[in-house]
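Let me begin by presenting the structure, written as structure tokens, before commenting on it.
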Amino acid sequence: MGLKRPQWQSGTVVILEHESKVLRDNALGDPSTRNLAVWLPPGYNEGSTRNRGKRYPVIVDMVGFMGSGLSHIAWKNFTENVPERASRLIHEGRMAPAIIVFPDCFTALGGNQYVNSSAVGNYGDYLTKEIVPFVDREFRTKASRDHRACFGKSSGGYGAIIHGMKYASTWGAIADHSGDAYFDFVYWHDWPNTLVELAKYRPRKAAASGKFDVRKMEKGAEKGRDDGRVRRFLDTVWKKEKVTMAEGHAIMNLCMSATYDPDPRAPNGFRLPFNLETGEVIPERWREWKKHDPINLVEKYKRNLKSLRGIYVDCGSRDQYHIQFGSRILSKRLAAARIAHTYEEFDDTHSDIDYRYDVSFPFLSKAIK
């Protein structure tokens, strides 16, 4: 895309402050008062009689890990941010005007999976019980699930499909771009790197001597408990201004642990799926993770999924996190359950794929018009 100024109306971004009761006193100490960005489509603020009382469908953006909804309204080099993309699609007649909502769901662990967790926060309730009603009160929305959709990429894609499963009374349609699925492939392969990163924060005596009894060192670790290294790692990273890629991936795996296996009785409020010393998988802990894997939830939530007006799933065929395999399995299981959906693959990776919204936005618009 060349550097040019669009000749069509771009709509209006409004930023509101929302005070959450759901997020108050969350375990991470994250702020419960957040900025909420809302994009109003061209025509919303026109003073004509025709537009004055017009109501609009709503689309909610669930951003990927390490992101916030506010990042999607920011200027982007050589391409469009989400409001600019939506305004162009409306101008081209490819989607109907809609209100797009950009919640801030960032956490001290780098984000969340848009579900309820005692260790991270109840972000499923935050969106469905607070943000959606708040937007319906503040703006001229078509305030019913049949006219409301959510979409997201990566962790946001996971959030979208899980919300379609668990919160079908809130959403009429969902779009899942490269959403986490098939945890055995998506997460497992990076845990050795996380264990190496966490090993830098071992108890000092062992780290200094290089000699230790593995059986003593793994005490508690075989049950998925932190021996102090996770807390020391987090305390160190939270003080840094620049996080390395290895640290970022380690934070992500810890966030997933806090999401999929929270335990208020455990150190840091969650369990770990691998022995910190030996790297052995802890079967009972990994079973907790797999209970949250979308490929294992299709049958359980079959009725909810069938009630949706539209399900869109896509993934790059060269996704560096191997999510294409989980996406294929998800599509296969949706088809086996006779759940109508659209699944597409495209020749790309996991990165910089916002252009796929050119496909999903018209799909969602048609489903919730």
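The values are calculated or read from the model by the stated rules, or taken from the named source; none is laboratory data. What you see is a predicted model, and the numbers here were worked out from it, not measured in a lab. Virtual Cβ from ideal backbone geometry, glycine too; neighbours counted across all protein chains shown. Only protein heavy atoms, including side chains, enter the accessible area calculation; ligands, DNA and RNA are left aside. Shrake-Rupley method; radii C 1.70, N 1.55, O 1.52, S 1.80 Å.
Note on the chain: GNM, Cα springs under 10 Å; of A246, A98, A258, the largest mean-square fluctuation is that of A246.
Which FRET efficiency value, to the nearest 0.05, do you get for Q7 and K332 by plugging their Cβ-Cβ distance into 1/(1 + (r/R0)^6) with R0 = 51 Å? For R0 = 51 Å, the calculated efficiency reads 0.70. The ellipsoid that matches the Cα gyration tensor of the stretch 70-122 has semi-axes, each √(5λ) in whole angstrom, of 30, 14, 7, with the longest given first. Within straight-line reach of K366, meaning a Cα separation under 14 Å, sit the following aspartates and glutamates at least 8 residues removed in sequence or on another chain: D146, D358. Could you calculate the FRET efficiency of E284 with D146 from 1/(1 + (r/R0)^6), where r is the beta carbon distance between them and R0 is 30 Å, rounded to 0.05? Computed FRET efficiency for E284 and D146: 0.15.
Judged by the mean number of other Cβ atoms found within 10 Å, the most tightly packed of the peptides 100-111, 347-358, 34-45 leads the ranking 100-111, 34-45, 347-358. Near D347, once Lys and Arg are set to +1 and Asp and Glu to -1 for all other residues with Cβ below 14 Å from its Cβ, the sum equals -4.
Per residue, the convex hull around the alpha carbon atoms of the stretch 222-287 comes to 86 Å³. Only helices enter this figure: runs of n ≥ 4 DSSP H residues, each worth -39500 (n - 2.57), summed and divided by the residues of the chain, yield -9000 deg cm²/dmol at 222 nm to the nearest 500.
The phi-based Karplus calculation (6.51 cos²θ - 1.76 cosθ + 1.60; θ = phi - 60°) puts the 3J(HN,Hα) values of the stretch 103-111 at x, 9, 10, 5, 9, 5, 9, x, x Hz, whole numbers, x for Gly and Pro.
At q = 0.22 Å⁻¹, what base-10 log of I(q)/I(0) does the Debye formula yield for the stretch 111-156 when every alpha carbon is treated as an equal point scatterer in vacuo? Taken in order of the listed q values, log10 I(q)/I(0) reads -0.85.
Annotation for the stretch 243-269 versus the stretch 69-88: alpha-carbon center distance of 30 Å. For the stretch 32-146, the alpha carbon positions stretch 49, 36, 23 Å along the principal axes, listed from largest to smallest.
Mean separation of Cα pairs under 8 Å and 6 or more residues apart, divided by the residue count, gives the chain a relative contact order of 18 percent.
With θ taken as phi - 60° and the Karplus curve 6.51 cos²θ - 1.76 cosθ + 1.60 applied, the whole-hertz 3J(HN,Hα) list for the stretch 260-267 is 8, 9, x, 8, x, 7, 8, x Hz, x standing for glycine and proline. Projected label points at K300 and T349, each 7 Å from Cα along the beta carbon direction, are separated by 3.3 nanometres.
Accessible area per residue, 1.4 Å probe, Å², for the chain: what's the number? Mind dumping the intermediate values first?
Details: 16950 Å² over 369 residues.
Accessible area per residue: 46 Å².
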